[in-house]
Amino acid sequence: MDEVKNLKLLCNRVRKDIISMIAGASSGHPGGSLSAVELMVGIYHVMRVDPKNPDDPMRDRFVLSKGHAAPCYYAILGEKGFFDVKEFGNFRQIHSMLQGHPDARKVPGVDASTGSLGQGISIAVGMALGAKKAGQDIQVYTVLGDGEIQEGLVWEACMAAAKYQLDNLTIVIDNNGLQIDGKNDEVMPLGDLHRKMESFGLNVIELPDGNDIEQVVGSLYLKTVTGKPKCIIAHTTKGKGVSFMENQVGWHGKAPNAEETRLALDELDKEAV
């Protein structure tokens, strides 16, 4: 129970970091960063990585395919000790290492530069295939947005993952139902996502509540089906944790003003008690 409590407290700190970073920069993507918190905290709980040795060649790998959720990524890396949390104050500033999308050349712990939607999963497939070919015991994790999977190369990557039997790959879909222009069902319906992913040959696990850290960690620890990539479809809430941002498409890429920031942080402070 202490482990679950600590993970929940970490998720709360990450949410406060996200709000503070985006407010300080007056720019960023709060909605999809907040929805992905438990997914990414869970992944970094099970991954074999060492903040003191971020370039260990035998480390597990993580690719944030929905690169605009970088504030969540940075918050977790900072909280885990990959770099000083003081860097959060430089988010999206000129010459800062913490830009609007992750840059693997500048940020300790970032395995791939991402931002162009759909490319991250393709990179993750390449990493997993490379590890397989080299006989290395390396797990690769990637988080995608549900709007992102409207990109055609996502499906090509899934086909390749199944063809090469990449059971060292875990694909996590942040299924919050919203994208920049509105509801997914109105912009470009995804249909029966579970059956689609299964039809590609993936081992599909569906989470009713992807913002429940226990559900997330449990799904990540589930034994892999030999020869099949794992795909976790996590139903989440966009803007999770800040009531006035939840399920509001307008908070996809808008920074809170001073009063909204105060309200959001106050709400998160109360949640942490």
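The values are calculated or read from the model by the stated rules, or taken from the named source; none is laboratory data. Just so it is clear, the structure is predicted and the values come from calculations on it, not from any experiment. Note that each Cβ is placed from the backbone with ideal geometry, even for glycine, and that neighbours are counted across all protein chains shown. The protein model used for the area step is the full one, side chains on, heavy atoms only, and it has no ligands, DNA or RNA in it. Shrake-Rupley method; radii C 1.70, N 1.55, O 1.52, S 1.80 Å.
Regarding the stretch 82-97, can at least one residue be identified that is among the charged types (D, E, K, R), out of contact with any Ser or Thr (no Cβ under 8 Å at 6 or more places or on another chain), surrounded by fewer than 19 Cβ atoms within 10 Å (Cβ to Cβ) and over 26 Å from Thr224 (Cα atoms)?
Yes, there is a match, as at least one residue in the stretch 82-97 is among the charged types (D, E, K, R), out of contact with any Ser or Thr (no Cβ under 8 Å at 6 or more places or on another chain), surrounded by fewer than 19 Cβ atoms within 10 Å (Cβ to Cβ) and over 26 Å from Thr224 (Cα atoms).
Any chance the stretch 236-243 includes a residue that's within 30 Å of Leu129 (Cα to Cα) and either open to solvent by less than 70 Å² (accessible area, probe 1.4 Å) or more than 22 Å from the chain's Cα centre (by Cα) (or both)? Yes; the residues of the stretch 236-243 include at least one that is within 30 Å of Leu129 (Cα to Cα) and either open to solvent by less than 70 Å² (accessible area, probe 1.4 Å) or more than 22 Å from the chain's Cα centre (by Cα) (or both). Of all the residues in the stretch 107-126, those that are assigned to a helix (DSSP H, G or I), open to solvent by 10 Å² or more (accessible area, probe 1.4 Å) and not hydrophobic (A, V, I, L, M, F, W, C) number 3. Residues of the stretch 141-189 that are more than 17 Å from the chain's Cα centre (by Cα), open to solvent by less than 20 Å² (accessible area, probe 1.4 Å) and of a type outside the set (S, T, N, Q): Ala157, Cys158, Ala161, Leu166, Gly182.
For Ile138, the criteria (1) assigned to a loop (DSSP other than H, G, I, E, B); (2) out of contact with any strand residue (DSSP E or B) (no Cβ under 7 Å at 6 or more places or on another chain); (3) farther than 28 Å from Lys240 by Cα; (4) open to solvent by less than 30 Å² (accessible area, probe 1.4 Å) hold in every case but one, which is (2). Checking each residue in the stretch 106-119 for being of a type in the set (Lys, Arg) and in contact with a Ser or Thr (Cβ under 7 Å, 6 or more places away or on another chain) picks out no residue at all.
Residue pairs whose Cβ atoms lie under 7 Å apart, separated by 6 or more positions or on different chains, with the first residue in the stretch 79-95 and aliphatic (A, V, I, L, M) and the second open to solvent by less than 50 Å² (accessible area, probe 1.4 Å), are Val85/Gly78. Of all residues in the stretch 247-254, none are open to solvent by 30 Å² or more (accessible area, probe 1.4 Å) and of a type in the set (Phe, Trp, Tyr). In the stretch 137-165, the residues that are charged (D, E, K, R) form Cβ pairs under 8 Å with partners that are assigned to a strand (DSSP E or B) and open to solvent by less than 20 Å² (accessible area, probe 1.4 Å), at six or more places apart or across chains, as follows: Asp146/Ile173; Asp146/Asp174. Taking each residue of the stretch 244-273 that is closer than 23 Å to Asn175 by Cα and of a type in the set (Gly, Ala, Ser) and looking for partners that are open to solvent by 80 Å² or more (accessible area, probe 1.4 Å) and in a loop (DSSP other than H, G, I, E, B) with beta-carbon atoms closer than 9 Å, six or more apart or interchain, yields Gly253/Ile180; Ala255/Ser26.
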